[in-house]
Amino acid sequence: MLQETLQLSGDACLGTIKNVSTSRTEAIELWRQAGFLRSAPPETVCALAEVATPHSYLRNEVIFLEGEPTAGLFLVESGIVKICRYSKEGREHILHFMQRGDTFNDVSAMDGGTNPATAVAHTDVKLWRIAREDLRALVLSQPALAWAIIENLAHRARRLVNHVQDLALRNVRSRLAKLLLEQARAVERGESPPPLTQEEMAHYLGTVREVVGRTLRAFIVEGLIEMQRQQIVIVDRKRLEEEAEI
């Protein structure tokens, strides 16, 4: 029986990196790990690292709000950042969780518009920030950076389309099954997906906590999953994939 456990609940560049906790070499290496920069020339990575400034936030602290003037481009050094939006009634919808090496707020940093979503420190976090003016100057002088950002935005757009499709065409059972499988695959890749409470799962899936809890209990009764010490254990992956319509 297959079981998987998921948790819930260019060193030669010039310039000085303005950071008291991360060395200059470490800062450059962190930017090199950013997904859209992995194939960028060393001088491009160094140029970004030189103009980035460090910022720290405590758990649940707001980094920036949706609708405010652009806060710039951010890179996660450590911790988890929650990207979300709120309805007029205050209902939260989680769009993404960002971890080490992920960038966010790319859209407003590029088009100069307001922040398209709210960013909150899901855990204590350390971030690097590049102001829009600095990013624009670098893009104009570094063609390779411009193309890397375009590819990154295209990737984000594709992921967003898939997310919208899930909300529109899948029921809650299907969306929850898919989320559990995605968490499992992240663990298999050696990653550490953020622990999610049932409330947070509901906010991500576009439903309410009661529905998530009821669906999880149904999966348990049907033998698809088990709960062990506040963890979900996938017992029947094939049937869970069928629920996710994969």
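The values are calculated or read from the model by the stated rules, or taken from the named source; none is laboratory data. Given the structure is predicted, the values throughout are model-derived calculations rather than measurements. Cβ coordinates were reconstructed from backbone atoms using ideal geometry, including for glycine residues, and neighbour counts include every protein chain displayed. Only protein heavy atoms, including side chains, enter the accessible area calculation; ligands, DNA and RNA are left aside. Shrake-Rupley method; radii C 1.70, N 1.55, O 1.52, S 1.80 Å.
Give region 108-154 a look and list any residue that's open to solvent by 20 Å² or more (accessible area, probe 1.4 Å), over 23 Å from ARG32 (Cβ atoms) and in contact with a Leu (Cβ under 7 Å, 6 or more places away or on another chain), or say none. Residue satisfying the conditions is ASP124 alone. Restricting region 189-220 to residues that are under 15 Å from the mean Cα position of the chain (by Cα) and among the hydroxyl-bearing types (Ser, Thr, Tyr), the residue that is nearest to ILE232 (Cα to Cα) is SER192. For region 63-94, the set of residues classified as open to solvent by 40 Å² or more (accessible area, probe 1.4 Å) and farther than 26 Å from LEU167 by Cα consists of GLU68, PRO69, SER78, listed by residue number.
Yes/no matrix, rows are residues, columns are (1) buried (at least 17 other Cβ atoms within 10 Å of the Cβ); (2) among the polar types (S, T, N, Q); (3) in a helix (DSSP H, G or I); (4) at pLDDT below 85:
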site: ARG158; (1), (2), (3), (4): no, no, yes, yes
site: ALA168; (1), (2), (3), (4): no, no, yes, yes
site: LEU179; (1), (2), (3), (4): yes, no, yes, no
site: GLN183; (1), (2), (3), (4): yes, yes, yes, no
site: VAL187; (1), (2), (3), (4): no, no, yes, no
site: PRO194; (1), (2), (3), (4): yes, no, no, no
site: ILE220; (1), (2), (3), (4): no, no, yes, no
site: ILE232; (1), (2), (3), (4): yes, no, no, no
site: GLU242; (1), (2), (3), (4): no, no, yes, no
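In region 100-136, which residue that is assigned to a helix (DSSP H, G or I) and under 15 Å from the mean Cα position of the chain (by Cα) is farthest from GLU191 (Cα to Cα)? Ranking the candidates gives VAL107 first. Does ARG185 fit the bill of being within 24 Å of the chain's Cα centre (by Cα), among the basic types (Lys, Arg) and under 25 Å from GLN165 (Cα atoms)? Taking the combined requirement at face value, the residue satisfies it. Taken residue by residue, region 103-118 has at least one member that is over 20 Å from LEU135 (Cβ atoms), modelled with pLDDT of 95 or more and of a type in the set (Ser, Thr, Tyr). Restricted to region 34-60, and to residues there that are of a type outside the set (Ser, Thr, Tyr) and at pLDDT below 80, the residue that is surrounded by the most Cβ atoms within 10 Å (Cβ to Cβ) is ALA40. Scanning region 196-218 for residues that are in a helix (DSSP H, G or I), under 24 Å from HIS122 (Cα atoms) and among the polar types (S, T, N, Q) returns a single hit, GLN198. Residue count for region 98-107 satisfying the condition of being more than 19 Å from GLU68 (Cα to Cα) and buried (at least 21 other Cβ atoms within 10 Å of the Cβ): 1.
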